[in-house]
Amino acid sequence: MTGSDPRGDRGAPWLGFAAVLAVRLAVFPFARNFYGDPMTRLKALTAWMAHPFFIRSFIGARQFGALHIYLLALGQWIHHDLDNGPRLISLIFGSLTAFPLFRLAEKRFGPRAALLSTLGLAIYPLHIQASTTAASEAVFLWFLLWALALLDGPPALRPKSPGTPRLLVAGLAMAGACAVRYDGWIYAPLSWLWLIQPLRAKRISLTAALGYAAASLAVPAFLCFGSWLDLRDPFYTLRYIQLSHLQSAAQAAAAMGRWIYAAYCLTFWPANLAWELSPPIAIGVAVGAAACLRDRRGRDLLALAAVPAAIFSLEGALLLRFHPLARFTIPTAVLLLPYAGEGLLRVVRSLPVRLEPAAVALAAVTGLGLPSYFAWRTLGQGDALADTLRPISPVSNLPPDLTAAAQWMRTNGAHRKVEIETNWLYEELPIEFYGSGTAAMVFTPLDGAAPPKGFEPPDLVVLPRDSDLLRSGEAHLDGELFEHRGQRFAALAHLGKVTIFERVPE
């Protein structure tokens, strides 16, 4: 910022970090593992910790990044509780993401705009959610943003920096992103485009650029080789992920209609970004990005945000090979946040001086108001609007029916055999996760798994609404009686959309 005090500027990233950390610390005690695959990751973690080994393929981590499994294990070592320990990892990485985000924005727009952008991260609902659960997005973004910040070069206050070591560290950070989420396999080659201009200007050497490219591809190459050794298919995990999306996209297209689903995929990213970001942040992003496009500067982050979103949108709309979810927009939103501060400053500068205080106050109130409303409207609520808002609430929380079912299990399921049936909303996962721990033998038939030896027949069956068993016709429900695998069960407790059944003695 022209005319600013460099010593004062050095405190700005710490102020942004303090805001990001404070919000997440306030939310952490109320958050629960629900959206964003945290519980399936924790299931993979517990299976791996029972028999630890070096993960080199789909085996062990499944479709999840191996590095994230290791970090979750570190979290449980720090705090032995399976709920809180892994969530601490997300809290740490999510809060520390303030620093690379500030650096990316500062390089383009100065420290004042960078601070505003970091405050935008502080109140971004989905990043708060990811930072307080065992999901992987917060960890992934820390690695990704540091890779990009190092690619950007040293800050203006430190113009001299050796290129080769910096780019090697950037490549290792990008490799870390690839080891946490498979999204990184898209961002890694796209980030090579950031090397073209420094190479032309001879600010970096060809050796340094090649070193970055090799380091950023190290993890994908290693995991592909491991999948070839273990499964004779180097792209097994990618095919597994694509098959999952194929099935989800086919179901959604059948329910919506082919062309409505295509329109849904094409509009999903812009519509969700406008809806998820607080109004002043969304306006700031739009104004800042438009100004950079018009001025032909600072467009690199725009391209990196837009290209993966466009690829996923077209995969869904044209090929029915991708089904978008709200949490998939988190990387795009965070990559756009550096434009928010610049856009907000432009809006304020365009106003008469007498209106600036009112505009700042309005931005602060509305910026905090929407995430606060999402949290208030979802916590402890189980109506249709709450269920709609819950995936984008800053406080990841369970519908009260699922909380009641989990509590019932903890109170009444001790030392009994409990089968929790699945449904398309994966509601069995939080019931099992938060309902276990009372020496009950709990079985959830995920991925066609067979009951463990000695389990059949179960004493209790937990049946969420829209159960896969009922939809497929494998079981029959007749009023208060549930029949499955030749056994009859009588309704014992009705907990909203979850019913507990007890086996009827023969």
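The values are calculated or read from the model by the stated rules, or taken from the named source; none is laboratory data. Please read all numbers here as calculations on a predicted model, not as lab measurements. For neighbour counting, all protein chains shown are included, and Cβ atoms are generated from backbone atoms with ideal geometry for every residue, glycine included. In case anyone asks, the SASA skips ligands and DNA or RNA and just uses the protein heavy atoms, side chains included. Shrake-Rupley method; radii C 1.70, N 1.55, O 1.52, S 1.80 Å.
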Meets criteria (farther than 30 Å from VAL23 by Cβ and either of a type outside the set (Ser, Thr, Tyr) or not in a helix (DSSP H, G or I) (or both)) for TRP146: no
Residue ID - nearest to ALA134 (Cα to Cα), chosen from residues in region 379-403 that are over 16 Å from the mean Cα position of the chain (by Cα) and surrounded by 20 or more Cβ atoms within 10 Å (Cβ to Cβ): LEU398
When residues of region 323-378 are limited to those that are outside any helix (DSSP H, G or I) and free of Cβ contacts under 8 Å to residues at least 24 places away in the same chain, the one most open to solvent (accessible area, probe 1.4 Å): SER350
Condition broken by ARG471, with the remaining ones in (1) in a helix (DSSP H, G or I); (2) closer than 24 Å to ASN33 by Cβ satisfied: (2)
Long-range neighbours under 6 Å by Cβ, at least six apart or interchain, first residue surrounded by fewer than 20 Cβ atoms within 10 Å (Cβ to Cβ) within region 186-212, second not in a helix (DSSP H, G or I): PRO198/ILE204
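Conditions (1) modelled with pLDDT of 90 or more; (2) under 22 Å from ASN412 (Cβ atoms), marked per residue:
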| site | (1), (2) |
| --- | --- |
| PRO445 | no, yes |
| ALA450 | no, no |
| ASP459 | yes, yes |
| VAL462 | yes, yes |
| ASP466 | no, no |
| ALA491 | yes, yes |
| THR499 | yes, yes |
Residue check for GLY479: over 28 Å from GLN251 (Cβ atoms) and open to solvent by 50 Å² or more (accessible area, probe 1.4 Å): yes
Test: residue in region 387-394 that is assigned to a helix (DSSP H, G or I), touching a residue at least 24 places away in the same chain (Cβ under 8 Å) and farther than 23 Å from LEU116 by Cα: yes
The listed residue being of a type in the set (A, V, I, L, M, F, W, C), more than 19 Å from the chain's Cα centre (by Cα) and closer than 30 Å to SER117 by Cβ, out of ALA252, ALA289, ALA263: ALA289
Some residue of region 123-141 being farther than 18 Å from ALA326 by Cα and in a helix (DSSP H, G or I): no
ALA73 vs. criteria modelled with pLDDT of 95 or more and either touching a Ser or Thr at 6+ places or on another chain (Cβ under 6 Å) or assigned to a loop (DSSP other than H, G, I, E, B) (or both): no
Residue within region 191-208 that is among the aliphatic types (A, V, I, L, M), in contact with a Leu (Cβ under 9 Å, 6 or more places away or on another chain), more than 26 Å from GLY288 (Cα to Cα) and modelled with pLDDT of 95 or more present: no
Residues located in region 352-401, provided they are among the β-branched types (Val, Ile, Thr) and touching a Lys or Arg at 6+ places or on another chain (Cβ under 6 Å): THR378
Selection status of ALA249, at pLDDT below 95, of a type outside the set (Phe, Trp, Tyr) and under 28 Å from TYR124 (Cα atoms): yes
Region 218-249: number of residues that are surrounded by 16 or more Cβ atoms within 10 Å (Cβ to Cβ) and outside any helix (DSSP H, G or I): 1
Index of the failed condition, PRO505 passing every other in (1) more than 37 Å from the chain's Cα centre (by Cα); (2) part of a strand (DSSP E or B): (2)
Residue match in region 122-138 (condition: buried (at least 20 other Cβ atoms within 10 Å of the Cβ) and either without any contact (Cβ under 8 Å) to a residue 40 or more places away in the chain or more than 15 Å from the chain's Cα centre (by Cα) (or both)): yes
